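The values are calculated or read from the model by the stated rules, or taken from the named source; none is laboratory data. Everything quoted here is computed from the prediction, not taken from an experiment. Here the Cβ positions follow ideal geometry from the backbone for every residue, glycine too, while neighbour counts run over all protein chains shown.
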Amino acid sequence: MRLRLPEERPTESPTGYKIAHPVLSRDGTRAGFTGVSLGGALPYGVVADASCVYGLRHAAPHRRCDCGFHCVHDRSVAEDLLCTAEHRTAVVLEVWVLGRYIRFERGFRYARQRVRTATVGPCVCGATAVALADAGWGRPGWYGLAPSCAGCLRGRTSVSLASFARLAGDGLRVVAEAGTDRRAASDVPERSTPGRPKGGLAEPGLPTPMPPDLGVPELVAEAALLQARLDWLQAQLARLGRRRGGEAGQG
């Protein structure tokens with residue numbers, strides 16, 4: 001006797017939560033995510049279809065396989081995963097579960113998804129993130145990104161949250177989780193200027209060419225990033241001025 005799973009036909013797409021790492025293409029024209037476990041080597045977009053990571057020809061998700069996208073029912077369960085060391089820089093995704101799915105006690109395994117919202121955590125220093133910056137790792141053709149405040153960019157390739165949402169497309173919303181108060185301006189490390197990676201990505205801290213189709217929310221986010229950089233530069237100039245004044249007094 002062949003066992004069959006009970007069928008569900010919801011009137012609305014179920015909502016789930018998961019964590020993932022944001023990624024940016026080498027040429028800076030596309031943005032997406034990569035998973036933290038099974039299938040993590042394959043970046044995906046806002047709207048994506050699952051396939052069997054073992055190369056089998058069955059449709060995902062298969063009842064006797066682990067393939068398919070995975071998510072949990074409760075947001076708090078997904079947020080708990082951010083406590084592990086390797087997931088500290090991941091973001092929380094709110095997704096619509098589309099197509100065929102298998103329901104489990106804690107979540108879904110499913111065939112197709114749409115990422116609705118990506119919540120970016122604070123910078124490693126604790127301040128609210130204003131950008132996603134090169135995290136020092138990646139996949140072939142993709143840079144891994146991590147949340148960063150303006151003071152911690154330090155010459156790394158970066159993209160503002162609004163620009164990431166625009167590059168990802170399909171109506172993605174990217175929001176920043178509130179962090180702690182920013183460090184004193186005198187404690188912000190000086191910016192280094194390593195060579196830029198190939199592919200046309202703009203150096204952070206400098207104005208980047210704005211496409212003509214940006215809306216008001218995107219422009220506001222870009223202005224906030226530039227203002228944060230300007231505040232940091234003014235603090236550095238003030239610090240240098242105090243240092244020179246002290247040296248002149250000692251002479």
Checklist outcome for this item: Flagged in the range 15-57 as farther than 26 Å from residue 162 by Cα and modelled with pLDDT of 90 or more, in numbering order, are 50
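Any residue at all in the range 175-194 that is in a loop (DSSP other than H, G, I, E, B), surrounded by 14 or more Cβ atoms within 10 Å (Cβ to Cβ), of a type outside the set (Val, Ile, Thr) and at pLDDT 95 or above? Write out each step before concluding.
Step one: list which residues in the range 175-194 are in a loop (DSSP other than H, G, I, E, B), which gives 177-184, 188-194.
From what's left, surrounded by 14 or more Cβ atoms within 10 Å (Cβ to Cβ): 177, 179, 182-183, 188, 191.
In the following step, the residues that additionally are of a type outside the set (Val, Ile, Thr) were identified as 177, 179, 182-183, 191.
Filter again for at pLDDT 95 or above, leaving none.
For the range 175-194, residues in a loop (DSSP other than H, G, I, E, B), surrounded by 14 or more Cβ atoms within 10 Å (Cβ to Cβ), of a type outside the set (Val, Ile, Thr) and at pLDDT 95 or above: absent.
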Item to check | Residues located in the range 127-146, provided they are under 16 Å from residue 229 (Cβ atoms) and either without any contact (Cβ under 8 Å) to a residue 60 or more places away in the chain or within 10 Å of the chain's Cα centre (by Cα) (or both) | outcome: 127, 128, 129, 131, 132, 133
Next on the checklist: Condition first: under 27 Å from residue 12 (Cα atoms), hydrophobic (A, V, I, L, M, F, W, C), at pLDDT below 95 and surrounded by fewer than 20 Cβ atoms within 10 Å (Cβ to Cβ). Can you find one or more residues in the range 99-107 that meet it?
Outcome noted: yes
Checklist outcome for this item: Apart from one, (1) within 21 Å of residue 129 (Cβ to Cβ); (2) of a type in the set (D, E, K, R); (3) surrounded by fewer than 17 Cβ atoms within 10 Å (Cβ to Cβ); (4) in contact with a strand residue (DSSP E or B) (Cβ under 9 Å, 6 or more places away or on another chain) all hold for residue 80; the odd one out is (4)
Checklist entry - Quick check: anything in the range 8-18 of a type outside the set (Ser, Thr, Tyr), without any contact (Cβ under 8 Å) to a residue 40 or more places away in the chain, surrounded by 14 or more Cβ atoms within 10 Å (Cβ to Cβ) and not in a strand (DSSP E or B)? => result no
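Restricting attention to the range 84-119, report how many residues are of a type in the set (D, E, K, R) and either within 21 Å of residue 166 (Cβ to Cβ) or outside any strand (DSSP E or B) (or both).
7
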Item to check | Matching residues in the range 9-52 - criterion: being in contact with a strand residue (DSSP E or B) (Cβ under 7 Å, 6 or more places away or on another chain) and of a type in the set (Asp, Glu) | outcome: 49
Next on the checklist: If I filter the range 47-67 for residues that are touching an Asp or Glu at 6+ places or on another chain (Cβ under 6 Å) and either of a type outside the set (Ser, Thr, Tyr) or closer than 23 Å to residue 153 by Cα (or both), do I get at least one hit?
Outcome noted: yes
Checklist entry - In the range 19-34, which residues are under 21 Å from residue 129 (Cβ atoms) and part of a loop (DSSP other than H, G, I, E, B)? => result 28, 30
Checklist outcome for this item: When the range 23-48 is checked residue by residue, the ones that are surrounded by fewer than 14 Cβ atoms within 10 Å (Cβ to Cβ) and of a type in the set (D, E, K, R) are 27
Next on the checklist: Within the range 120-129, does at least one residue satisfy the condition of being of a type in the set (Val, Ile, Thr), surrounded by 15 or more Cβ atoms within 10 Å (Cβ to Cβ), out of contact with any helix residue (DSSP H, G or I) (no Cβ under 8 Å at 6 or more places or on another chain) and not in a loop (DSSP other than H, G, I, E, B)?
Outcome noted: no
Checklist outcome for this item: Restricting attention to the range 130-142, the residues that are within 20 Å of residue 41 (Cα to Cα) and assigned to a loop (DSSP other than H, G, I, E, B) number exactly 2
